[in-house]
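Asks: Starting off with a structure, shown below.
The values are calculated or read from the model by the stated rules, or taken from the named source; none is laboratory data. Note that the structure is a prediction, hence the values are computed from the model and not measured. All Cβ positions, even for glycine, are placed from backbone atoms using ideal geometry, and neighbour counts span all protein chains on display. We work out accessible area using only protein heavy atoms, side chains counted, and drop any ligands, DNA or RNA first. Shrake-Rupley method; radii C 1.70, N 1.55, O 1.52, S 1.80 Å.
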Amino acid sequence: MATETHNRPVIADAGPPLLRMCDVRKAFGNVEVLHGVTLDVRPGEIHALVGENGAGKSTLMKILAGVYTDWTGLMEIGGQPARFHSPRDAEDGRVAIIHQELALVPYLSVAENMFLGREPLTRWHTVDHGRMRADARKLLTQLAPSIDVSRPVAEYPVSIQQLIEIGKALSRNARILILDEPTSALSDTEAGRLFDILRELKAQGAGLIYISHKMEEIYALADRITVLRDGEYVGCRPASELDRDELIHWMVGRQIEQLFPKHVSQPGRELLRVEHLSLTPAGAGRKLVDDVSLCVRAGEVVGIGGLMGSGASELLGSIFGQYGRRPTGTLHVDGKPFVPASPLHGIDAGIAFVTNDRKATGLVLSMSVLRNMTLASLKRAAPRGRLSGGFERTLAEPLSRELSLKAPSLHAPITSLSGGNQQKVILAKWLMTQPMLLLLDEPTRGIDVGAKADIYELMNRWTAAGLGILLITSELPELLAMSDRIVVMAHGRLTAELSRKEATQERVMAAAV
Amino acid sequence: MAESGTKLRTILRSATLYLGLLALFVAGAALSPQFLTMDNQRDVLWQVSGNGILAIGMTLVILTAGIDLSVGSLLSLCSVVCAMLLMQRKWTHATMVAVPAFAAGCGALAAWLTWRLWPGQGGRIVRRAGITGIGLAAIALAAMWAASRVPHGFGVIGVLLLVPPVGLLLGLISGAIIAKGKLQPFIVTLAMMVSAVGLAKYIAGQGGRVHPIYTGDITTEAVAPESFKLLASNITVFGKDLIPVPGLFFAGSALLAALLLSQLRIGRYIYAVGGNEETARLSGINTDRIKMLVYSISGVLCAVAAVLYCAQYEQGKADAGFTRELDAIAAVVIGGTSLMGGRGGVGGTIVGVFIFGYLGNILNLRGVSTEFQSILKGFIIVLAVLLQEGILARWIGDTVRRLRRATA
């Protein structure tokens, strides 16, 4: 893959760039968040826009998409000065954004979604469903030929929905396509298919702006890379001339010696033993977890590899008590038999569960940093039910120091923190329950390199202190680097168990499909 | 920086609410010379107390991202029960509902207290047996006491003890169905609203007749004891009838709810359940119990409001609380508690209740018809929410900017 990247011909400067943004500044109130940013995208180019969370990528893209209108600077599209006053304006200027969270109406059909707001009409001003379906089918022939455009969008998986979104953008003749973390919910095969389509669009002369945290993707796809840091423009270079270490250096402004600083420690006593665990959730026809047995010892990280839908998340949920008494099989925690009847039982047994979705299951977004941190520990810290005195601060302050949490104050709303710091708040919340076993489901999803490195370092510290960690991650380098042992799951079953030495990307993938 | 921005905005937003109340107060003083008089202020407190008590319970429910449409019906039902308990000296439908509810409530309370206060020793089985035994004993004692009181009729204390358990029980039923059945609060409390009115009419008898508590049919029924009039009186301070008793109940329930929300773990859990139920559940919170609790509290407060209604209007009737749930919801929403749950509190609700109360009062003083008052109240609800969400400010800002651009 690396050789291919370096041999990619750099497109010569021919004609005006498709998009030029120059010295763009934007302030919220008195706080300037973009300090003169520059970006240019050529036709037939995939341009990666990279930076840590809070670097200003989203703000810049919202300006381009017409969401923010009060900015200063210069923007040219196809050589002509342009300024969008609304998202509709941007669409007319042939800019389309494919959001991280998809913006489709689940119960409308594929065709209805694609033509939402601009339905073709008959003479009688009723919706011309026939033409709409035909047009939709035509647009999707290349992207997703097998799709039935009259079915509701909700019947298709996220990967197909994303293609529908791209089709929708193409239906509006978009020339500049912004993709914000498009692979965060895709399996590797699905991502591969998406990349083929993006390359095809590029060949047709579209300009693609690709936002991602995943290095592999950036180097596999991008022709050039623009880096932002803290609202500043750091630089732009062809991908072939900017190596990984330098890119990270540009992003974080410091050299990260080693992305995965793994310390292998000596495993101790057995903390968790799972035997023949199966789970059939209510309403689901098949077992999501099927006869899984494994163990975790003190001081070790057991990594679980697998694709989306492998059942790994459900396995962790079953161990923690998320599914109540539904799972079958036997569990031993610290040598004692354990029935995870509810999350409270899991917490009392010394288990902590960091779920894979910060917003949906990790945080209470309407609460402050402090209240999110103490939520799972109130029962233990305030057994009489009184929340008096400053005991919450007393609990939270040492932890926020330990995790080097960057928050304006502990009373700040949780939503004012970056993704990486929100993740640290979740970790702090679970550490506060004084667990001996940490179940981590994608603990570094969607967070920037700096925060990732912090979390890896913390994992080392916790295993050194005798905690056991069961880790799910879809990023193979992370899985291989951070795990002492790796088990692989596919379709709810355990398909491989590999030692740190045996594990390679190929072996894990072979077992995962 | 971003934080100080949001902080300023939250302060401004909560200030909008108080400024709105202040503006209304000033407008009232300007529009009517009577407005500022002690008597008028006392009247306002009289008028808002009932809605206030309902709105406090509604606040707790809405904070959990729920809604309680049954509060009006529960008020109706409890007013009928209360009136009949006061007047009748024999077993009626009212006593047959209230006495078991009271006994069950006493039993649950005794069992809970034992569970909380019993030190760990004695072993699980002994402890369970003890709790059950004490609970059952409390049920028996309470039932015997209440039954022995039936031939004598009930006074103030009697109804204040017997009516709230009825509200509690019905609230608990709603809450249990919502929590265990995983159903929409809207639908469950709508069903309770319909059923409770039916039950109220059935208990009232003769297709839901009105029970006037002092002028009842003298030949067959006695009237309520004079002591009950205490609940509809004013407390005299400095030789003036200053504080209405219902106002004290309102203040008391607001204070207790505020303490619950800010000082107790349960209060934090209420916010967490409304903010993100799944996160709350995965954090070890028994979300079912929290939901059952808030609907139960709402039910109890309906019953309290019903007793005060009986005292104030000297009757109990099956349509006493007709559409009262809407007033309560409106006050909560004006007070800034989000219908999505997790945000808001009792303080805002109190202001919301008074904004509603003062508005009605000013319009009454100006002689505006009740029909027109209703229309205006609808406007005020929308206006208040627009103000709080900062939407109105944004509209104005946008318009000003557009005008400036047009002139430039």
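Asks: Failed condition for A:Lys429, given (1) touching a helix residue (DSSP H, G or I) at 6+ places or on another chain (Cβ under 8 Å); (2) more than 10 Å from chain B (Cβ to nearest Cβ); (3) within 30 Å of A:Gly335 (Cβ to Cβ), with all others met?
Replies: Of everything listed in (1) touching a helix residue (DSSP H, G or I) at 6+ places or on another chain (Cβ under 8 Å); (2) more than 10 Å from chain B (Cβ to nearest Cβ); (3) within 30 Å of A:Gly335 (Cβ to Cβ), A:Lys429 misses just condition (2).
Asks: From the list A:Ser265, A:Ser278, exactly one residue is part of a loop (DSSP other than H, G, I, E, B) and of a type in the set (S, T, N, Q). Which is it?
Replies: A:Ser265
Asks: Next up: When you scan region A:354-361, do you find a residue that is open to solvent by less than 20 Å² (accessible area, probe 1.4 Å), farther than 12 Å from B:Leu282 by Cα, touching a strand residue (DSSP E or B) at 6+ places or on another chain (Cβ under 8 Å) and more than 9 Å from chain B (Cβ to nearest Cβ), even just one?
Replies: No, region A:354-361 contains no residue that is open to solvent by less than 20 Å² (accessible area, probe 1.4 Å), farther than 12 Å from B:Leu282 by Cα, touching a strand residue (DSSP E or B) at 6+ places or on another chain (Cβ under 8 Å) and more than 9 Å from chain B (Cβ to nearest Cβ).
Asks: Oh, and also: Could you list, in sequence order, all residues of region A:378-397 that are open to solvent by less than 50 Å² (accessible area, probe 1.4 Å), more than 12 Å from chain B (Cβ to nearest Cβ) and either under 33 Å from the mean Cα position of the chain (by Cα) or touching a residue at least 40 places away in the same chain (Cβ under 8 Å) (or both)?
Replies: Residue satisfying the conditions is A:Ala396 alone.
Asks: Next question. Among the numbered criteria (1) open to solvent by 10 Å² or more (accessible area, probe 1.4 Å); (2) within 14 Å of chain A (Cβ to nearest Cβ); (3) free of Cβ contacts under 8 Å to residues at least 24 places away in the same chain, which one does B:Glu277 miss?
Replies: For B:Glu277, the failing item is (3).
Asks: Residue by residue through region B:26-70, note down the ones that are assigned to a helix (DSSP H, G or I) and under 30 Å from A:Leu365 (Cα atoms).
Replies: B:Gly52, B:Ile53, B:Leu54, B:Ala55, B:Ile56, B:Gly57, B:Met58, B:Thr59, B:Leu60, B:Val61, B:Ile62, B:Leu63
Table: residues versus (1) modelled with pLDDT of 90 or more; (2) charged (D, E, K, R); (3) in the same structural domain as A:Leu470 (by TED's automatic domain parsing).
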residue: A:Thr280; (1), (2), (3): no, no, yes
residue: A:Leu288; (1), (2), (3): no, no, yes
residue: A:Ser293; (1), (2), (3): yes, no, yes
residue: A:Arg297; (1), (2), (3): yes, yes, yes
residue: A:Gly309; (1), (2), (3): no, no, yes
residue: A:Ser313; (1), (2), (3): yes, no, yes
residue: A:Ser318; (1), (2), (3): yes, no, yes
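Asks: Then there is this: If the requirement is being more than 19 Å from B:Gly344 (Cα to Cα), within 14 Å of another protein chain (Cβ to nearest Cβ), open to solvent by 30 Å² or more (accessible area, probe 1.4 Å) and of a type outside the set (Val, Ile, Thr), which of these qualifies: B:Arg289, B:Arg265?
Replies: B:Arg289
Asks: While we're on this one: So is A:Leu331 touching a helix residue (DSSP H, G or I) at 6+ places or on another chain (Cβ under 7 Å), surrounded by fewer than 22 Cβ atoms within 10 Å (Cβ to Cβ) and not assigned by TED's automatic domain parsing to the domain that holds A:Lys424 or not?
Replies: Taking the combined requirement at face value, the residue satisfies it.
Asks: How many residues are touching a residue at least 12 places away in the same chain (Cβ under 8 Å), within 14 Å of chain B (Cβ to nearest Cβ) and in a loop (DSSP other than H, G, I, E, B) if we restrict to region A:22-63?
Replies: Residues flagged as touching a residue at least 12 places away in the same chain (Cβ under 8 Å), within 14 Å of chain B (Cβ to nearest Cβ) and in a loop (DSSP other than H, G, I, E, B) within region A:22-63 amount to 3.
Asks: Let me ask another. Go through region A:93-113 and give me each residue that's assigned to a helix (DSSP H, G or I) and either at pLDDT below 85 or in contact with an Asp or Glu (Cβ under 8 Å, 6 or more places away or on another chain) (or both).
Replies: A:Val110, A:Ala111, A:Glu112
Asks: Another question, if that's okay. Given the structure, is B:Leu365 more than 14 Å from chain A (Cβ to nearest Cβ), at negative phi, surrounded by fewer than 18 Cβ atoms within 10 Å (Cβ to Cβ) and in contact with a Ser or Thr (Cβ under 9 Å, 6 or more places away or on another chain)?
Replies: Considered against the rule, which asks whether it is more than 14 Å from chain A (Cβ to nearest Cβ), at negative phi, surrounded by fewer than 18 Cβ atoms within 10 Å (Cβ to Cβ) and in contact with a Ser or Thr (Cβ under 9 Å, 6 or more places away or on another chain), B:Leu365 comes out as yes.
Asks: Go through the residues of region A:83-104 one by one and say whether even a single one is open to solvent by less than 50 Å² (accessible area, probe 1.4 Å), out of contact with any Phe, Trp or Tyr (no Cβ under 6 Å at 6 or more places or on another chain) and on the phi > 0 side of the Ramachandran plot.
Replies: Taking every residue of region A:83-104 in turn, none turns out to be open to solvent by less than 50 Å² (accessible area, probe 1.4 Å), out of contact with any Phe, Trp or Tyr (no Cβ under 6 Å at 6 or more places or on another chain) and on the phi > 0 side of the Ramachandran plot.
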